[in-house]
Amino acid sequence: MQTSSARLIRESFHQYYKTSVETTLSPSLIRQREFGFILSDRKTMLRHKSFQNSASLKTHIVNIVPSDVYYSSAYYEAPEADMDKKGWRGADLVFDIDADHIPTPCGKIHDSWVCSGCGFSGKGPSPEKCPICERSKFDTRKWMCDRCLESAKKETIKLLDMLMRDFGFLESELQVYFSGNRGYHVHVESECIRLLDSMARKEIVDYVIGLGLEPELHGLTKKGRINFRNKIDGGGWQGRIGRGALEFLEASSEEITTVGLSKRSIKNLMERRKMLREKLEKGGWLDVTGVGSKNWPKIIRWVVEQKASKIDTVVTTDIHRLIRLSGSLHGKTGFAKVETPVGSLSKFDPLKEAIVFREGEINVDIVEAPRFRIGNKYYGPFRRECQELPTAAALFLICRGAAQARE
Ligand SMILES: [Zn+2]
Ligand SMILES: [Zn+2]
């Protein structure tokens, strides 16, 4: 028998899909894609499906009312065949940026864990081993707030800058989406990346995260001089390091102390930083001297850390990946995966744009929830209480397993 919560989610999702425009649920070259569905029991995964057009996909979704809908970034000759018989014909280049991969202080406020062994619990990310029983299985509860969604957006903006400035992709080849939960997806659909294998995609990943970047190959000489020919508006990591060094020279003294320089070097830098900044801005690197051969590698390491984009590296290298379908609902939030134009990302508010259930109120029994925002309104924190909430807020708590609908 279905609980009232499960019934409510199913009815709401059904209503959403029934009234949604079928073209919003349609990836390009739909016939060559594999589709997958997590059913409303949230346990069963149904995959290796394919559809001739967006109308038949929509009909299927309306009939089964899944919790989550996925499609392959890959194009196949026979999407319904077994994995090794599908006939891979290429794949979009996909990036996933999730708050999970970005350390933010707010995790300590809104995330929590419970040890599956002994029930011991704590705030923030789960430890490697339970401090009481030493087992390493935890039930984790992760939430999102303005702060971690904003950091995910910041990482996405850095990625887009690299894709356009360094890789030369056109804005029209890039699609940016809010995932419907804690992050963003960037899809690149272009002939020139379609046939890249996993290894080639790994090279792109390494570039984006700045892995293996050797300062010596970017102009740092053994004597501690930077020998860049480019000015700081140059392309690639060289220009990016230059712009980052400028930001370093403008950083607060607390931030500068995190880089690992000696007290004397910091004092020296602080005294000369106005002059260094002017030289860097005006003439590029060649005139910037006297920072010290031991200090530049540390500063550059800090800059790379700031400028790299914290993507989920596994998603991009997987050429058979199933990714969430744009326009579909996220089973853990009840929010939609929605697209935002590249140019408007900085102003995009996911907690407004991704909300689809905008009418009515629902009575819920809430176990526990931190403060959260939907639209312009903040709710909670809640602990063991009954509340009448707007539908989107109530469904959000139910989808996260933090509340039950009242009978
Ligand atoms: Zn334990
Ligand atoms: Zn947060």
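Things to note:
- Options 177, 184; residue that is open to solvent by less than 50 Å² (accessible area, probe 1.4 Å), away from ligand 2 (no atom under 16 Å from the Cβ) and part of a strand (DSSP E or B): 177
- Residue within the range 105-126 that is of a type in the set (A, V, I, L, M, F, W, C), more than 16 Å from ligand 1 (Cβ to nearest atom) and either within 18 Å of the chain's Cα centre (by Cα) or open to solvent by 40 Å² or more (accessible area, probe 1.4 Å) (or both) present: yes
- When residue 154 is tested against (1) open to solvent by 20 Å² or more (accessible area, probe 1.4 Å); (2) modelled with pLDDT under 95, only condition (2) is not met.
- Residue selected from the range 30-60 under the condition β-branched (Val, Ile, Thr) and closer than 23 Å to residue 83 by Cβ, by the criterion least open to solvent (accessible area, probe 1.4 Å): 30
- Taken over the range 77-98, the criterion of being within 16 Å of ligand 2 (Cβ to nearest atom) and either free of Cβ contacts under 8 Å to residues at least 40 places away in the same chain or open to solvent by less than 10 Å² (accessible area, probe 1.4 Å) (or both) is satisfied by 97 alone.
Yes or no, residue by residue, for (1) modelled with pLDDT under 95; (2) surrounded by 19 or more Cβ atoms within 10 Å (Cβ to Cβ):
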residue: 275; (1), (2): yes, no
residue: 282; (1), (2): yes, no
residue: 300; (1), (2): yes, yes
residue: 311; (1), (2): no, yes
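- Count - residues of the range 127-143 that are surrounded by 13 or more Cβ atoms within 10 Å (Cβ to Cβ), within 16 Å of ligand 2 (Cβ to nearest atom) and without any contact (Cβ under 8 Å) to a residue 60 or more places away in the chain: 1
- Filtered residues of the range 1-29 (kept if of a type in the set (Ser, Thr, Tyr) and crowded, with 17+ Cβ neighbours inside 10 Å): 5, 12, 16, 17, 20, 26
- Residue check for residue 153: in contact (Cβ under 8 Å) with a residue 24 or more places away in the chain, in contact with a Pro (Cβ under 9 Å, 6 or more places away or on another chain) and not in a strand (DSSP E or B): yes
The values are calculated or read from the model by the stated rules, or taken from the named source; none is laboratory data. Fair warning: this is a prediction, and the values are worked out from it, not measured in the lab. Here the Cβ is made from the backbone with ideal geometry for all residues, glycine too, and neighbour counts use every protein chain on show. Note: areas computed on protein heavy atoms with side chains; ligands, DNA, RNA excluded. Shrake-Rupley method; radii C 1.70, N 1.55, O 1.52, S 1.80 Å.
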